[in-house]
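The values are calculated or read from the model by the stated rules, or taken from the named source; none is laboratory data. All values derive from a computational prediction rather than experimental measurement. Neighbour counts are summed over all protein chains in view; Cβ atoms, including those assigned to glycine, are modelled from backbone coordinates with ideal geometry.
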Amino acid sequence: MSSAPRRRAVAALVAIFAILLVLALLLVPLVQSALFDLILSPFQKKVPAYATFEVERQIIVSANGGSIIEFTLDIPAMPDLDSTDQKMQTVLNVSYYPDPTSLTPRYGVDWAVWQHGALSDEQSYLVRIVYEMRVDAVVWDLDRSSSGNLTDLPESLKSRYLLDEWKIIVSDPSIQNAAGDIVGAEMNVYSILSAINSWITGHIKYPSQNGIAEPQTSVQTLQSGIGDCDDQAILFCALARASGVPAWLQLGAMYDASIHRWIGHGWVQTYVPQREGGGEEVVIDTANRDFMVWRPNRFAEYTDDGIGEHLHDYYYSFNCAYEPSSYLGGEGPEFDEEYDSITYVESQERITIGGLFQLICQETDEEMALVKRS
């Protein structure tokens, strides 16, 4: 054999070996995963794996030209939070200026309480709270096939989170009828939650202007078709409860990178039982289109315990006695609250919270549920 044919034969063998090597590598799960991520990368939605931050909360009480006799501020102590198998929220340090009058246990958690006497004319009182925290992202890998049914839900949650609770009005006929239209006879818990999530994100608009401090009732948001974060969360809870799924509020604040500010925020917690046993408490945030995703750009301060008076107390952290005759035109003392970002650092590591195939699968799950209900 001449040298030229021999070189061609060797080249052919090398090419065959290279092809076999590539095929062998494609069978390795790690390589498959890397290629899969590379191909789908343009379609994947990712968030930082965690964020660390310091944020200063400022609470200001002003006499506003009149006469305050006395007032009380009470703020829940910031809790650590865990999901089933990982940390969600870790409180590294909390500093109060001035120190609270007391730390008082209430509703199963500690509350920082400030009690103060008279203020008058243009006098004001400032409380500063500095939180240093780490928050880790959580993505719950759940779907219709892994979810249990309504009959698998724990009785302890059903006894706490299925009835009317302050603004979460479940018994109203309009809520009952809406839940029936959205969910029908569906029994799968994941599918019920997915259907309610899709309906709210498709039908409830976020208001163009900031609302008042007190949230709307679930009936008001349903009828108006407009609601901010906690309005939407309250409606979600009512629809879920009317469908037989326990759901409750979680409240805190969120960092908005577009304006570099922290703002008060509210979302839903609920429970998905697993077909194989056990279950997961998950987060749903319709205002930010996060379904069973906990982003690290937020912290939770208070978790609803199912008692309306307690939820009301959280919203009304300022209680004041004053002289009405010292004010004109229906005015009164002023209470203001805002957050200032001191530091905010996101990890370079990113985790995937959604992609093309995940979205297709979710839509397919919802279509299957609709077919089943029809």
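Values as computed for the structure displayed
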read-out	value
Any hit, region 64-71, residues being touching a helix residue (DSSP H, G or I) at 6+ places or on another chain (Cβ under 9 Å) and not in a strand (DSSP E or B)	yes
Hits in region 64-123 (condition: of a type in the set (Ser, Thr, Tyr) and surrounded by 14 or more Cβ atoms within 10 Å (Cβ to Cβ))	Ser67, Thr72, Ser83, Thr90, Tyr96, Thr101, Tyr107, Ser120
Matching residues in region 82-101 - criterion: being more than 21 Å from Gln58 (Cβ to Cβ) and part of a strand (DSSP E or B)	Asp82, Lys87, Met88, Gln89, Thr90
Of all residues in region 318-327 being touching a residue at least 12 places away in the same chain (Cβ under 8 Å) and surrounded by fewer than 16 Cβ atoms within 10 Å (Cβ to Cβ), the one that is farthest from Ile69 (Cα to Cα)	Asn319
So Asp305, is it modelled with pLDDT of 95 or more, on the phi < 0 side of the Ramachandran plot and not in a strand (DSSP E or B)	yes
Scan of region 243-274 for residues that are in contact with a Cys (Cβ under 6 Å, 6 or more places away or on another chain) and either on the phi > 0 side of the Ramachandran plot or of a type in the set (Gly, Ala, Ser) (or both), ordered by number	Ala247, Gly266
Flag for Tyr206 being within 23 Å of Val293 (Cβ to Cβ), surrounded by fewer than 20 Cβ atoms within 10 Å (Cβ to Cβ) and not β-branched (Val, Ile, Thr)	yes
Residues of region 154-187 that turn out to be crowded, with 19+ Cβ neighbours inside 10 Å and either out of contact with any helix residue (DSSP H, G or I) (no Cβ under 7 Å at 6 or more places or on another chain) or without any contact (Cβ under 8 Å) to a residue 40 or more places away in the chain (or both), as a count	1
Any hit, region 316-339, residues being of a type outside the set (Phe, Trp, Tyr), within 28 Å of Thr270 (Cα to Cα) and either touching a helix residue (DSSP H, G or I) at 6+ places or on another chain (Cβ under 7 Å) or not in a strand (DSSP E or B) (or both)	yes
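Let's see how each residue does on (1) in a helix (DSSP H, G or I); (2) farther than 29 Å from Ser341 by Cβ; (3) over 12 Å from the mean Cα position of the chain (by Cα):
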{"position": "Pro215", "(1), (2), (3)": "no, no, yes"}
{"position": "Ile234", "(1), (2), (3)": "yes, no, yes"}
{"position": "Gly244", "(1), (2), (3)": "no, yes, yes"}
{"position": "Gly266", "(1), (2), (3)": "no, no, no"}
{"position": "Val272", "(1), (2), (3)": "no, yes, yes"}
{"position": "Glu280", "(1), (2), (3)": "no, yes, yes"}
{"position": "Ile284", "(1), (2), (3)": "no, no, no"}
{"position": "Pro296", "(1), (2), (3)": "no, no, no"}
{"position": "Glu301", "(1), (2), (3)": "no, no, no"}
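Every residue, every condition in (1) touching a residue at least 60 places away in the same chain (Cβ under 8 Å); (2) among the charged types (D, E, K, R); (3) within 27 Å of Ala242 (Cβ to Cβ), yes or no:
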site: His265; (1), (2), (3): no, no, yes
site: Gln269; (1), (2), (3): no, no, yes
site: Gly279; (1), (2), (3): yes, no, yes
site: Pro296; (1), (2), (3): yes, no, no
site: Tyr302; (1), (2), (3): yes, no, yes
site: Ile307; (1), (2), (3): yes, no, yes
site: Gly329; (1), (2), (3): no, no, no
site: Glu337; (1), (2), (3): yes, yes, no
